[in-house]
Each structure stands twice: as structure tokens, then as C-alpha cells.
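The values are calculated or read from the model by the stated rules, or taken from the named source; none is laboratory data. Model, not experiment: these values are computed from the prediction. Here the Cβ positions follow ideal geometry from the backbone for every residue, glycine too, while neighbour counts run over all protein chains shown.
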Amino acid sequence: MALAAALASCGGGPDVRPEAETRPFAPDVTDVTGLVALPDGSLRVGVRATGVVVDVSATGTVGPPVARVEVRADGQRGLLGVAVDATGRTFASWTRPDGRLVVGQIAPGPTRLVWEGPTSTDIANGGHLEIRDARLVIGIGDLTQNELRDDPAAINGKLVSLDPDGMPDQEPQVVSSGWNNPFAFTILDDGAIWVADNAPGDTGERLTRGDDDGSDQIDLPTGTAPSGIDQLGSEELVVCGYKSGALLRYRLVDGRPRPERTLATDCRTAVVALGDGGVVYAADDGLRIVTP
């Protein structure tokens, strides 16, 4: 009831249907921070603490490692993002053993560093990775220096884009700023960016556009701690909350998100929509799948 009330205050109550048609998908794959749907129906999956990337078939079979990077994995550090471009190259973002947040191409072939980013912190690193207009987009948290998130000279609290063929010292292009921790963001088919902005403590969290002035912003339910978001259909989003466990479905009505339904109550760290309408998400006991 508390979740329904919170969602209703955001502009409409959902049909609360936790665990609806939810079943195990790959129970042996845990601590997931990267989920990418591949054209053949399989998933490319990144594991935070180990730095391992594996493929999981459409039936849930886990293959051998595609790649592995050495990570520092204390706090919110580790392997933080995975993206696959149109040519099949796999990129990742991670915190190296020296604590630096970096981005690199990890497959095929040996790891090639694309960008050396800032020194990471225990929390608020961001690190999610997407591809937009053939460029890599990464979210950078405020790195526990919230006062710098609107500073154009600082990387803190920004969405930035990178040349995937660039050198490690390349200058990132700022897409937007003013974020607490934009770990949960997604890029829609039309190029629009949506961010579920994570915030510390009881600070308000929001679901908003990440590539304009944020006029379509709505508040997320208190205590969500958004950790994943993806496009579901042409006019829908799904948002995973690490703290709440809720997998929330939103419909875009005139470009503004409207809460509709709770699809699951055990989502933790990542979510990806499948071509057949199903949704795979990372729970404490492995990857699970739900049919909305």
C-alpha cells in the first residue's frame, strides 16, 4: 500500500502486481551491473565484483567468459557498465585496481583503453554505459562532491559522450549536468535519454529526460535508489529500484512518464527489455524474467 500511495502521488496509481509471471532465468549469475540484449536473443552480462562478462542464451544457459577486466570492487566500485555497438564490439566501464574509473573495448581482442576517467569513490560513481549516435555515453555520479555537479569544469554529476575509437586522454563531451548519480539511464530508439537519478539518504529522486531541460521530470517513490532503466515498447519504461526492490512500469503520455504497474518486488541492480516483450532483471538470487 505504501508503494501504491507513493506512485499515486507521482501522477496515477499503478496496478500493483508483484511477481507477476516471474520465473528464474539464470540463477547462477548474481551481482549483475550490465545487461545487454543481443540480436540473437541472448544477453551479454557484466558481473560487478569479478569483472567478468559472459553471454547468457535465450534459454538461460551461461556461456564461457567473453572478457574479464581487473577491478577494484569495494563499495560501489567494480565492473559498472557494458555496451555493444552495431558492429558487435563490446565496451565496458570499470574501476581499475588503482581506483580510476575507465572505459575500454573488451571484445573482440585484447582490452583497449578508450578513456581514463576520474578517481572513483565508495559511492556515487555512476558508470552505466550506453551507445548513442555511434558514441559511448557514460553517467558520472557526483563522486560525493555534490557542489560540483553544475560546475562545467568538473566531471562530477554529468552525462558525457566519448569517441569509442579515441585515445585514453580524450576530452569527453558533456551531454547534460546537475545529476546526483545517473547510474540508471537509457537511450530510446529515437535517441531520447531518460535518467532515473539516484540520490543519497532521503533526498528526492527523479525520473526525467537526460538530454533537455528536465521539464518532464516526476518524482520517484521515496526510497527507490534506482539502479536500472530500459525502454519497454515504444512508449513505456521500466525502472528497477535497488533499495525498494520494485520493478516499476511507466507509460509515456505526451512525453511525460506516468506510473502504471509494479512488475516485481525483488529487482536489485539491472534490467533489460527483450524483443518478445519480456523483461530480464537482476535479483539477489540471480537473473529472473517477467512478462508484463
note = Taking the range 216-239 and the residues there that are at pLDDT below 95 and under 21 Å from THR291 (Cβ atoms), the one that is surrounded by the most Cβ atoms within 10 Å (Cβ to Cβ) would be LEU232
note = Checked the range 263-277 for anything under 14 Å from PRO292 (Cβ atoms), modelled with pLDDT of 95 or more and either surrounded by fewer than 24 Cβ atoms within 10 Å (Cβ to Cβ) or among the β-branched types (Val, Ile, Thr) (or both); matches are VAL271, VAL272, ALA273, LEU274
remark   = The lone condition GLU147 fails out of (1) in a strand (DSSP E or B); (2) out of contact with any His (no Cβ under 7 Å at 6 or more places or on another chain) is (1)
ask   = Given the structure, is VAL175 in contact with a Leu (Cβ under 6 Å, 6 or more places away or on another chain), of a type in the set (A, V, I, L, M) and not in a helix (DSSP H, G or I)?
value = yes
key: In the range 190-204, the residues that are over 14 Å from SER244 (Cβ atoms), surrounded by 23 or more Cβ atoms within 10 Å (Cβ to Cβ) and hydrophobic (A, V, I, L, M, F, W, C)   = TRP194, VAL195
message = Taking the conditions exactly as written (of a type in the set (Gly, Ala, Ser), modelled with pLDDT of 95 or more and under 23 Å from SER57 (Cα atoms)), does ALA282 satisfy them or not?
response = yes
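Test of understanding: among PRO221, PRO226, which residue is touching a Cys at 6+ places or on another chain (Cβ under 9 Å), closer than 22 Å to ILE138 by Cβ and not β-branched (Val, Ile, Thr)?
On inspection, the qualifying residue turns out to be PRO226.
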remark   = Of the residues in the range 84-131, those that are aliphatic (A, V, I, L, M), touching a Pro at 6+ places or on another chain (Cβ under 9 Å) and either surrounded by 18 or more Cβ atoms within 10 Å (Cβ to Cβ) or assigned to a loop (DSSP other than H, G, I, E, B) (or both) come to LEU101, VAL102, VAL103, VAL114, ILE123, ALA124, ILE131
task = Could you check how many residues of the range 240-262 are outside any loop (DSSP other than H, G, I, E, B), surrounded by 24 or more Cβ atoms within 10 Å (Cβ to Cβ) and of a type in the set (A, V, I, L, M, F, W, C)?
result = 3
query = How many of the residues making up the range 193-213 are of a type in the set (Gly, Ala, Ser) and either closer than 12 Å to PRO257 by Cβ or part of a strand (DSSP E or B) (or both)?
reply = 1
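Across the range 44-74, which residue is farthest from ASP98 (Cα to Cα) among those that are part of a strand (DSSP E or B) and not hydrophobic (A, V, I, L, M, F, W, C)?
Among residues in the range 44-74 that are part of a strand (DSSP E or B) and not hydrophobic (A, V, I, L, M, F, W, C), the one farthest from ASP98 (Cα to Cα) is GLY63.
Condition test on ALA37, is it modelled with pLDDT of 95 or more, surrounded by 14 or more Cβ atoms within 10 Å (Cβ to Cβ), of a type outside the set (Val, Ile, Thr) and more than 15 Å from VAL84 (Cα to Cα)?
Considered against the rule, which asks whether it is modelled with pLDDT of 95 or more, surrounded by 14 or more Cβ atoms within 10 Å (Cβ to Cβ), of a type outside the set (Val, Ile, Thr) and more than 15 Å from VAL84 (Cα to Cα), ALA37 comes out as no.
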key: Among the candidates VAL160, VAL137, residue that is among the aliphatic types (A, V, I, L, M), more than 12 Å from the chain's Cα centre (by Cα) and crowded, with 20+ Cβ neighbours inside 10 Å   = VAL160
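Please find, among THR262, THR224, THR269, the residue that is under 18 Å from the mean Cα position of the chain (by Cα), farther than 21 Å from VAL36 by Cβ and among the β-branched types (Val, Ile, Thr).
One residue alone meets the criteria, THR224.
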